[in-house]
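The values are calculated or read from the model by the stated rules, or taken from the named source; none is laboratory data. These numbers were taken from a predicted model, which means no experiment stands behind them. Methodologically, a virtual Cβ is constructed for each residue, glycine included, from the backbone with ideal geometry; neighbour enumeration extends over all protein chains shown.
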């Protein structure tokens, strides 16, 4: 099965690279433009302030609900209000720049009050030459070509597939970029080595402390196809390597893929007797996807994701039964030992947003829909292929007011009690937010 996965990935990549269709080059960042008479300021500051209101209908009896509210008198719904401030700044002086991104929020619902302030990014950048950059500090890397998932994102926090474009907290590291350009089929080569330390005070949530982890990415632009070869040495995490590709096929479609090999992955798995066993094996994860833009400005995004370290349907069912038994014991006797074990497991892979093995993602959005400028409706489907559970998210976005973004979304989750999406705490959630950019 593992050999078949990598063969399928490589065949797809080769077909894309050497197909007869002449694709446009992958979309790249626009070149810097200097306007005569306007002096660039050394300090730049921007960001946004946001107010978000969420109304959740809770799925009483679902395993995730029982873990959070094991007492019989738990709430039926939650109304959560959140205020967020993000600041993004840059100070430049010659070949040196300092960049930062802060995230501050305050949130409250009927059961809790939370607040937090942290730097998502804070790093120095030294660029003595257009083909060389040295960076040190906290930064969010963006490895991989996937929209909702990135199997090769070895040195970054995972995306939230429900909102993949949200800013994420970075890790602290030292990295460099070396770039060379050529004439011929191989147009660009870039190499990015990364040194990422882990101890009690730095990157403590990355993995085992006491290691200086070495990672790297080799980027190739070959025949108008973006290709990345990535690796992470063993240390705080087990050794892993992978590759990805992206290519525009024609002027309105892009195809992409990722493949990753992870060695000696350890996972806590619940068996049919409710016992927890530690499994260790080499696994593969991969993703295939595409983006398609129609003449009517409708964008379709579709991705298939295989999570090699995810749980099978029977392994997930065993965990959900363990939760039911733990809650029943707690309510009958007050014994919290089994409940604490289940809650600890939920804090690991079992409680992740997509903990299973095979997922399908589909999103359709229409720009300037119904003749309304700056109005973009969209719908997103995310499904667990094995147990047929899924979430459906229609949304409305309006950006027609200067510096204002208004968005409304409805999350609907469907599935059996012991299914992936049917086991979540919410059965439905409606949210609206207003965001002001400055």
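Specify which of the listed residues (274, 242) is surrounded by 13 or more Cβ atoms within 10 Å (Cβ to Cβ) and either out of contact with any strand residue (DSSP E or B) (no Cβ under 9 Å at 6 or more places or on another chain) or in a loop (DSSP other than H, G, I, E, B) (or both). One residue alone meets the criteria, 274.
Taking region 151-228 and the strands (runs of 3 or more DSSP E) fully enclosed by it, the elements with 3 or more residues that are more than 25 Å from residue 307 (Cα to Cα) and in contact (Cβ under 8 Å) with a residue 40 or more places away in the chain are at 171-181. Scanning region 59-92 for residues that are buried (at least 17 other Cβ atoms within 10 Å of the Cβ) and farther than 27 Å from residue 167 by Cα gives 59, 62, 63, 65, 66, 67, 70.
Condition check ((1) at pLDDT 95 or above; (2) within 30 Å of residue 347 (Cα to Cα); (3) over 23 Å from the mean Cα position of the chain (by Cα); (4) outside any loop (DSSP other than H, G, I, E, B)) across all residues:
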residue	(1), (2), (3), (4)
28	no, no, no, no
38	no, no, yes, no
47	yes, no, no, yes
60	no, yes, yes, no
81	yes, yes, yes, yes
104	yes, yes, no, yes
110	no, yes, yes, no
137	yes, yes, no, yes
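In this entry, residue 97 is excluded by the filter for residues that are on the phi < 0 side of the Ramachandran plot and outside any strand (DSSP E or B). Screening region 292-323 for residues that are under 24 Å from the mean Cα position of the chain (by Cα) and part of a loop (DSSP other than H, G, I, E, B) and picking the one that is surrounded by the most Cβ atoms within 10 Å (Cβ to Cβ) gives 310. Of the listed requirements (1) over 30 Å from residue 78 (Cα atoms); (2) surrounded by fewer than 12 Cβ atoms within 10 Å (Cβ to Cβ); (3) in contact (Cβ under 8 Å) with a residue 24 or more places away in the chain, residue 129 misses just one: (3).
Residue 237 falls short on exactly one of the conditions (1) outside any loop (DSSP other than H, G, I, E, B); (2) in contact (Cβ under 8 Å) with a residue 60 or more places away in the chain; (3) buried (at least 17 other Cβ atoms within 10 Å of the Cβ); (4) out of contact with any helix residue (DSSP H, G or I) (no Cβ under 7 Å at 6 or more places or on another chain), and that condition is (1). Residue-level analysis places residue 282 among those that are in a strand (DSSP E or B) and at pLDDT 95 or above.
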